[in-house]
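Structure record follows, encoded as C-alpha cells.
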Amino acid sequence: MTHRSHPSEQLAHHVDKDAFVRALRRKLGPEAVLADPEDLRPYECDALSAYRTLPWIVVLPQSTAEVQAVMQLCHAAGVPVVARGAGTGLSGGALPVENGVLLSLTRLNRILAIDAPNRLARVQPGVRNAAVTEAVAPLGLLYAPDPSSQIACTIGGNVAENSGGVHCLKYGLTVHNLTEIKLVTVEGELLTVGGMSLDAPGYDLLALLTGSEGLLGIIVEVVVKLILRPASARALLAAFDDIGAAGAAVANIIGAGLLPAGLEFMDAVTIRATEAFVHAGYPVGAAAILLCEFDGLPEQVDADVAAAEAILVAARATEVRRAADDAERLRFWMGRKAAFPAVGRIAADYYCMDGTIPRRCLADVLRGISTLAEEFGLGVANVFHAGDGNLHPLILYDANRPGELEQAERLGARILQLCLDVGGTVTGEHGVGVEKIDLLCRQFPAAELAQFHAVKRAFDPHGLLNPGKAVPSLRRCAELGAMHVHGGQLPFPELERF
Amino acid sequence: MNGTAGGIGALPDADCESALQDDVRDALARRQPLRIVGGGSKGFLARSAEGEALGVADHRGILAYEPTELVVTARGGTPLAELEEVLAEGGQMLAFEPPHFGASATIGGAIACGLSGPRRPFAGSARDFVLGVKLLNGRAETLRFGGTVMKNVAGFDVSRLMAGACGTLGVLLEVSLKVLPRPRCELSLSFEMNPLSALQAMQDWASGSWPLSGLAYDDRLRVRLSGNESAVQAARRRLGGEPAECGADYWRALREQDLPFFAGAADLWRLSVPPAVRLAPLPGEWLYDWGGAQRWLRTSAPAAEVFAAAASCGGHAMLFRTPMASAARFQPLEPRLMGLHRSLKAAFDPDGLFNPGRMYEGL
Ligand SMILES: Cc1cc2nc3c(=O)[nH]c(=O)nc-3n(C[C@H](O)[C@H](O)[C@H](O)COP(=O)(O)OP(=O)(O)OC[C@H]3O[C@@H](n4cnc5c(N)ncnc54)[C@H](O)[C@@H]3O)c2cc1C
C-alpha cells in the first residue's frame, strides 16, 4: 500500500535531484548520500510497514556539523526533511516523503559522557535505548524508560515519540527522564535546550520537543537521567478467569496507593501465543494474567507485594504466584517481553493500537474491543501497560487476503474511537505519525489544531520538517468532517485510507 | 464534584470562564496588556508585569477528583490549600509539594510559576505532574490540551509548556494533575556535618535505594524518609542520625521559606545545578535543597557573577527575592533561544497581551 499525503500537506519544489545530491555529497562525502532506488528501499517504511514511500534521497550524517549542513542545504532549497532513528516507530512517523530527504541519525551513535555523580549520560540520538543501560550497568545505574523495542530503537526516536515502557508507571516516560536536548533547527542552527540541572530557565521547551515527532527540529544530542538499579525487585503473576475482574484488580491496586514498578496485562490469546513461543510457564487456561512488580528497599517491596497479593486475591484471581527468586521473576517477564513476536507467530500480520483510557474503564473497554472484534470477524490480542491504562490491542489479520488490512484499519479506528468516548486518547506512546492523523481531527477541535500549527510555525515557518505527520491540516479535517456520515461512526470507514 | 466545602476560603466555587474570555477579548480589541493575578502570593517572584490586572482567583472549584485514577482537575483560581485539603482527605497529595508563599496561593499560579518543593528530586516537578490544561490564549480562544489520562502523545505537549511560563502564554482556566498517594509513614533525621561532607553524603544517599523524600543542608544535614513503616524504620536504622523533632514542620518551613535563613533583605538567589558540583566560590550564605540540585544563596554579589557561576557548571540561576523591582530575574537566554521564545510567545499571544516583561524583557 502506498501512502499518499493530503494535498494540503504536500510541499512542492523544483530542485534538480542530481545537483542536490552533488551538493549534499560535497558536504557529507559520497557514501553518506544515497539516491539509487535499491539503496533507498530499506528506508521506505518504519515498523508500520503497511505504509511505504520511497524517499527522494537518504543522508547518513556522522556529526552534528553534518546534520547542520544538511539542514542548511534543505532549508535554502525548500526541500522537506524526515528524521529517522531505527525505524521501529509504529505510526509511520519516519515514513519518507517522495520529494524529501530522509535524514538517518543512526551514525550519530556515540555515548559522549557518563556522569555518575550527577547520574546523567550525554548521548547522541542514534544510540540504542538498551545501549545506554548496558553502558552504565557496571556503575549500578540504568536508564529507566524501557520500550519493548529497546534493543533496536534509538534515544532520538524515543525523545521524538516520548516513548514509554513497562517501568514508566513508576519511573516516568521519556519526558520525565531528560534534562537537555541539542536541537538542529530547520535553518541548520544549533540550539541547546535545558541543561544538566533538574530544570531550565525560560519556557519548558524540553517538554514541548519531547513527543514532537520530528516536526520541530532534529535532535542531535540528549542528556538522559540515570537511576540506581533498585536494591530489590519482586514480581507477582495473577491469573483470572474473567478479563473484567483483571481490569478491576488493576484499578484496585493503583487505588490502594500502591506504586508498582510495572503492572502489565495479557489476555488469553496472548498468553497462549507466548507460552507456545517461550514457555514462560504461564497458566494457559486463564482469561487474563497480570504481572505486577515492585522494586526498592526490600522492606518496602515485601510489604507492597503482600498488599498487592491480598488485593489480587480479593479481586477473584484464580491463582497468584510470587516469583520465588530472580530467575523466576525474569521468567515472568520473559513472556511479556516476547509477547509481540509471539503474537506475530500466530497471525500473518498484526496491527498494534495504542490508546490510553482511565483505568476504571479497563473492563468495559476490553469487553467493547472483543465485541467489535467479533463484529469485524478479526482476532485481537491484548497485551498492555495496564497500570497506566495504556492499551495495545493487536489486531490479527492477513495482508494477503484482499480487504483484510483495510478491515483491520477500520477495526482499529473503532477501537480508538472507543478510547476517546471514555475520555482517553488515540495515542499513549506510539505517536500520531501518518497512521492516526485523521483521528486527531476527532480528538481536537479546529482552534486547538490551529494552535498546534502556530507552534509548528514558530520552529518551522515553511513546514519543511516531517510534513504530513502528527498534526493534520485544517483542510484535511474539514474534508473528513464534510464526509461525516452518521453519529458514532468514523467518517471514513468506507474510504480508502490515504 | 462541585461546591467542595474547602473550609479555608469561604468563597463559593464559580465558573468565570466566559467573563474572563470577554475580558481578554476586550483587552485584545484595545491592544491592552494584562497582568494576570491569581492569589497574588507569588507576585514577588518575577519582574512586575505591565498592564491592567486580570483577576483569575474567582474562577475556582475542583471539577473532578478520582482517587483511583490519581487525577484531579481544578479551575485555575482554586486555592492551593483547599485543593491539598481535599486530596489529603482522599489520602493523596500533590507530590511536587508546591510552595504556597501565602494563604491566597492558587493552583493556576502554582503551575504557572512551575515551582516545586523539597520532594521534587524524588517525586518529580510541577510540570511532570501536569496532564492537561484548558487555557485562554491571546486570541481570546478557549483551548484544551492533554487530558486526564496518564500517557498521551496526541499533538504537541502544550500542557507542560504552560508550567513555568509565568502566564506569558495564556490564562490557565483549568489544570488536570496527576496526584500520588500520601506516604503511610514519614520521618525526619538530622546529622551534624560540614558542608562538603554533606554534599558527598547527599550524593551517596541519593544514589541509594533509600525511601527519600527530602535531602537538605543548612547547618545540619536533613533527611526525610517516606514510605511504609517497615521501610522507613529500616532506612532509619541503617542511616543512623537523630530523629529531628518537628520534622514535618522543618520541610514545610523550608518549602515556604520560613526558616531564619530566608529572613532579611539581602538578595536571595536560587541556583539549579547538577547536584554533585562544587560551585565557584561566591560570597554569602548557602542552603542546599534537592540533594544539592537546588541551592539557595544570600549574597550581595553582582548578578552577572551568580549567573556565570551557575552556567559554568551546566545549571542556571534565578534572582528569587530582591528589593530591586526592575532587576533581571532569570538566567539570560542565548540570543537564538530568546528568538525562539519570542516566536513561541507570538504563537500563543500575538499581540503580547499576557504579563509582558514578567519573565524577560520583551517577552
Ligand atoms: C516490537 C515493537 C515494540 C515496541 N514497543 C514500544 C513500547 O513498549 N513503548 C513505546 O513507547 N514504543 C514502542 N514501540 C515503538 C517504537 O519503538 C518507539 O516509538 C521508538 O521510540 C521509535 O524509535 P526509533 O529510533 O525507531 O525512531 P523512528 O521510528 O526512526 O522515528 C520515530 C519518529 O521520531 C522521529 N525522529 C527519530 N529520530 C529523530 C531525531 N534524532 N530528531 C528528531 N526526530 C526524530 C521520526 O521522524 C519519527 O517521527 C515499539 C515498536 C516495536 C516495533
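The values are calculated or read from the model by the stated rules, or taken from the named source; none is laboratory data. Computed from a predicted structure; not experimentally measured. Cβ sites come from the backbone with ideal geometry, for glycine too, and all protein chains shown count toward neighbours. Each accessible area value is taken on the protein alone, full model and side chains, heavy atoms only, with ligands, DNA and RNA left out. Shrake-Rupley method; radii C 1.70, N 1.55, O 1.52, S 1.80 Å.
Brief remarks follow.
- Distance between segment A:145-215 and segment B:178-228 - C-alpha centres, whole angstrom: 28 Å
- Partnerless cysteines, meaning none of the other Cys C-beta atoms lie under 4.7 Å away, in chain A: A:CYS45, A:CYS74, A:CYS153, A:CYS168, A:CYS292, A:CYS352, A:CYS361, A:CYS419
- Probe 1.4 Å, accessible area per residue of chain B, Å²: 36 Å²
- Karplus-derived 3J(HN,Hα) values for segment B:283-295, using 6.51 cos²θ - 1.76 cosθ + 1.60 with θ = phi - 60°, are x, x, 9, 10, 9, 9, 10, 6, x, x, 7, 10, 10 Hz; glycine and proline are entered as x.
- Rounded to 10°, Cα long-axis angle of helix B:195-206 versus longest principal axis of chain B: 70 degrees
- Sorting B:168-175, B:96-103, B:42-49, A:158-165 by their mean Cβ neighbour count within 10 Å, with the most densely packed peptide first, gives A:158-165, B:168-175, B:96-103, B:42-49.
- Degrees, to the nearest 10: A:362-376 long Cα axis against longest axis of chain A: 70 degrees
- 3J(HN,Hα) from dihedral phi, segment A:214-231, Karplus parametrisation 6.51/-1.76/1.60, rounded to Hz, x for glycine, proline: x, 8, 10, x, 9, 7, 10, 7, 9, 9, 9, 7, 10, 10, 6, 4, x, 4
- Those residues of segment B:323-363 for which accessible area with every protein chain present is at least 30 Å² below the isolated value (1.4 Å probe): B:ARG336, B:LEU337, B:LEU340, B:HIS341, B:LEU344, B:ALA347
- Pairs of lysine residues in chain A that meet both criteria, 8 or more places apart or on different chains and Cα atoms under 23 Å apart, total 10.
- Distance from segment B:102-132 to segment B:300-314 (C-alpha centre basis), Å: 25 Å
- Close amide-amide hydrogen proximity is noted between B:GLN92 and B:ARG182, each under 5 Å apart and 5 or more residues distant or on a separate chain (H modeled in the peptide plane; Pro and chain starts excluded).
- For chain B, the convex hull spanned by the alpha carbon atoms encloses 139 Å³ per residue.
- Cα-based helix-to-principal-axis angle, A:326-337 vs chain A, degrees rounded to 10: 50 degrees
- Segment A:205-248: C-alpha gyration tensor shape, a/c 1.5 cut-off, then a/b vs b/c: oblate
- Simple point charges give the picture: +1 on the Cβ of Lys and Arg, -1 on the Cβ of Asp and Glu, and for segment A:17-104 a dipole about the Cα centre of about 220 debye.
- Other protein chain Cβ atoms within 10 Å, averaged over every residue that makes up B:230-239: 3
- Note: segment A:111-228, Cα convex hull, 94 Å³ per residue.
- Less than 5 angstrom separates the built amide H of B:LEU131 from those of B:SER176, B:LEU177, B:LYS178, all sequence-distant by 5 or more or on a different chain.
- Shielding value for A:170-177 is 2, the average number of Cβ atoms from other chains within 10 Å of each residue's Cβ.
- Positive-pole candidate from A:VAL82, A:SER63, A:GLY92, dipole of segment A:17-104, charges at beta carbon: A:SER63
- Remark: segment B:142-149, residue by residue, has Karplus-estimated 3J(HN,Hα) of 8, 10, 10, 10, x, x, 10, 9 Hz, where x stands for each Gly or Pro and the curve is 6.51 cos²θ - 1.76 cosθ + 1.60 at θ = phi - 60°.
- For q = 0.09 Å⁻¹, Debye-computed log10 I/I(0) when each Cα of the protein assembly as shown counts as one equal scatterer: -0.90
- Fraction of alpha-carbon pairs over 14 Å apart in segment B:260-321 - percent: 48 percent
- Shape class of chain A from the alpha-carbon gyration tensor: oblate, with a/c at 1.5 or above and b/c at least as large as a/b.
- Volume of the Cα convex hull of segment B:12-181, divided per residue and given in Å³: 108 Å³
- For B:SER213, the amide hydrogen comes within under 5 Å of the amide hydrogens of B:ARG224, B:LEU225, B:SER226, counting only partners 5 or more places away or on other chains and with H modelled in the peptide plane.
- Counts of other chain beta carbons within 10 angstrom of each beta carbon in peptide A:291-303 average 4.
- The trypsin sites (Lys or Arg not before Pro) of segment B:282-363 include none that meets both conditions, a loop assignment by DSSP and at most 13 other Cβ atoms within 10 Å of the site Cβ.
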